[in-house]
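The values are calculated or read from the model by the stated rules, or taken from the named source; none is laboratory data. What you see is a predicted model, and the numbers here were worked out from it, not measured in a lab. Cβ sites come from the backbone with ideal geometry, for glycine too, and all protein chains shown count toward neighbours. All accessible areas refer to the heavy atoms of the entire protein, side chains included, with ligands and DNA or RNA removed. Shrake-Rupley method; radii C 1.70, N 1.55, O 1.52, S 1.80 Å.
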Amino acid sequence: MKFIAFNVRQDEQPYFESWAQQNQIEVKTVSGSLTNSSLKQVDGYDGVLALQTGKYPAEMFKDFKKYGVKVLSIRNVGTDNVDLAAAEANGVLVTNVPAYSPNAIAEFSVTQLLQLLRNTTVFRQKVAEQDFRWAPYVGKELRNLTVGVIGTGRIGRAAINIYRGFGAKVIAYDLYPNAQLQKEGIYVASYDDLFAQADVVTLHMPATAADRHLLNAQAFAKMKKGVYLINTARGTLVDTQALLAALKSGKVAGAALDTYEGESSLFNHDLRGQQIKDPVFNELMRQPNVLVTPHIAFYTTTAVENMVLISLNSAKSVCKTGTAETIVKIH
């Protein structure tokens, strides 16, 4: 049994090496992504581990079958960029890491909201210019706001607990409600109900084709004037053009975006000194009430370790037993 791992960063390397030594299994690590040109490298390996936000090669699973790969073990939750039907057709199992650290993402989302509420980005710029005046950037207190949580899986529930700790009123919407939260009466009946009541809309849901641009011009029109948007989920959930219009009109008071619908060519790349040729992203970056971070909500030592070890253990389980608790099923 031997594995090959792609997209491996320096901070992941020690966990790969330690696991390989403890389990006496060969694990080759590669810094590059899975592409058409790199697919030949998987020849002879039983399992492939990867972590990439962009598209996987179209014929990848056919090549996996040809090369004898039994499992693709991704080191993240989302599978919206994985062709699960093609995997099944070629006899390749796909595993993910359903929960590497819900608290990491939940804590980060609240941190970003607090910065928006207290205008820290604006004040940081003002202080750099030696302008130490306060007005007109008066802040808001989270305990006085209604937070609308869309998606109440592990991350959403962790966020709810934090918001409650601040004293905020929390409402939620989920197509598949959590039984305990349902007993507590936290759920509203529809997206529209949440949009009408929430001072803050925070996204903690997976991305599907049906949810593309869930937050579009029509959705923003139904929200309160001065609403705040937090997206640490998936970029495709938000129509960025519509968000820009809502920001400029004042409908949206501020947005914290840890993910962006065109992020694969931007995030986790060193683009210093280069011209970014995405006019929508460039316009987004010019907005003083927008916080953009490069998909780092998950990025803690706890999460990184869990992502590596769970994905490796999943691949090992598939190769030894033909199954694993983390197998992704086609819905």
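If you go through the stretch 9-27 and pick out every residue that is in a helix (DSSP H, G or I) and either on the phi > 0 side of the Ramachandran plot or surrounded by 12 or more Cβ atoms within 10 Å (Cβ to Cβ) (or both), you end up with 9. Annotation: of all residues in the stretch 88-126 being open to solvent by less than 40 Å² (accessible area, probe 1.4 Å) and β-branched (V, I, T), the one that is farthest from Q52 (Cα to Cα) is V122.
Based on this model, can you work out whether R143 counts as assigned to a helix (DSSP H, G or I), open to solvent by 30 Å² or more (accessible area, probe 1.4 Å) and not β-branched (V, I, T)? Yes; evaluated as a whole, the condition is true for this residue.
Suppose the filter is under 28 Å from I155 (Cβ atoms), touching a residue at least 60 places away in the same chain (Cβ under 8 Å), open to solvent by 40 Å² or more (accessible area, probe 1.4 Å) and assigned to a helix (DSSP H, G or I); does T53 pass it?
Numbers: under 28 Å from I155 (Cβ atoms): yes; touching a residue at least 60 places away in the same chain (Cβ under 8 Å): yes; open to solvent by 40 Å² or more (accessible area, probe 1.4 Å): yes; assigned to a helix (DSSP H, G or I): no.
No.
Residues are listed down the side, and each one gets a yes or a no for (1) under 13 Å from the mean Cα position of the chain (by Cα); (2) within 15 Å of V238 (Cα to Cα):
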residue	(1), (2)
E261	yes, yes
S264	yes, no
F267	yes, no
D270	no, no
G273	no, no
P279	no, no
L284	no, yes
V290	no, yes
P294	yes, no
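Answer with yes or no whether K65 is open to solvent by 30 Å² or more (accessible area, probe 1.4 Å) and at pLDDT below 90. So that I can check it myself, show each step before the final result.
Values: open to solvent by 30 Å² or more (accessible area, probe 1.4 Å): yes; at pLDDT below 90: no.
Judged against the criteria, K65 is not a match.
From the list V292, V280, the lone residue that is β-branched (V, I, T) and surrounded by 17 or more Cβ atoms within 10 Å (Cβ to Cβ) is V292.
Could you please let me know if T111 is of a type in the set (V, I, T) and at pLDDT 95 or above? Considered against the rule, which asks whether it is of a type in the set (V, I, T) and at pLDDT 95 or above, T111 comes out as yes. Among the conditions (1) surrounded by fewer than 18 Cβ atoms within 10 Å (Cβ to Cβ); (2) among the hydroxyl-bearing types (S, T, Y); (3) modelled with pLDDT of 95 or more, T202 misses just one, which is (1). Could you tell me whether L194 is free of Cβ contacts under 8 Å to residues at least 60 places away in the same chain and out of contact with any helix residue (DSSP H, G or I) (no Cβ under 8 Å at 6 or more places or on another chain)? So L194 passes the test. Among all residues of the stretch 39-48, there is at least one that is within 20 Å of S264 (Cβ to Cβ) and of a type outside the set (S, T, N, Q). Residues in the stretch 72-79 include at least one that is at pLDDT below 95 and either in contact with a Ser or Thr (Cβ under 8 Å, 6 or more places away or on another chain) or open to solvent by less than 30 Å² (accessible area, probe 1.4 Å) (or both). If the condition is being under 21 Å from F298 (Cα atoms) and buried (at least 18 other Cβ atoms within 10 Å of the Cβ), then the stretch 155-191 contributes I155, G156, R157, A158, A159, I160, I162, Y163. Pairs meeting the criteria (first residue in the stretch 231-251 and at positive phi, second residue at pLDDT 95 or above and open to solvent by less than 10 Å² (accessible area, probe 1.4 Å), beta carbons under 7 Å, at least 6 apart or on different chains) are lacking. Going residue by residue through the stretch 28-42, is there one that turns out to be buried (at least 18 other Cβ atoms within 10 Å of the Cβ) and in contact with a Lys or Arg (Cβ under 7 Å, 6 or more places away or on another chain)? For the stretch 28-42, residues buried (at least 18 other Cβ atoms within 10 Å of the Cβ) and in contact with a Lys or Arg (Cβ under 7 Å, 6 or more places away or on another chain): absent. Within the stretch 217-234, which residues are surrounded by 22 or more Cβ atoms within 10 Å (Cβ to Cβ) and not hydrophobic (A, V, I, L, M, F, W, C)? Passing the criteria: Y228, N231, T232, R234.
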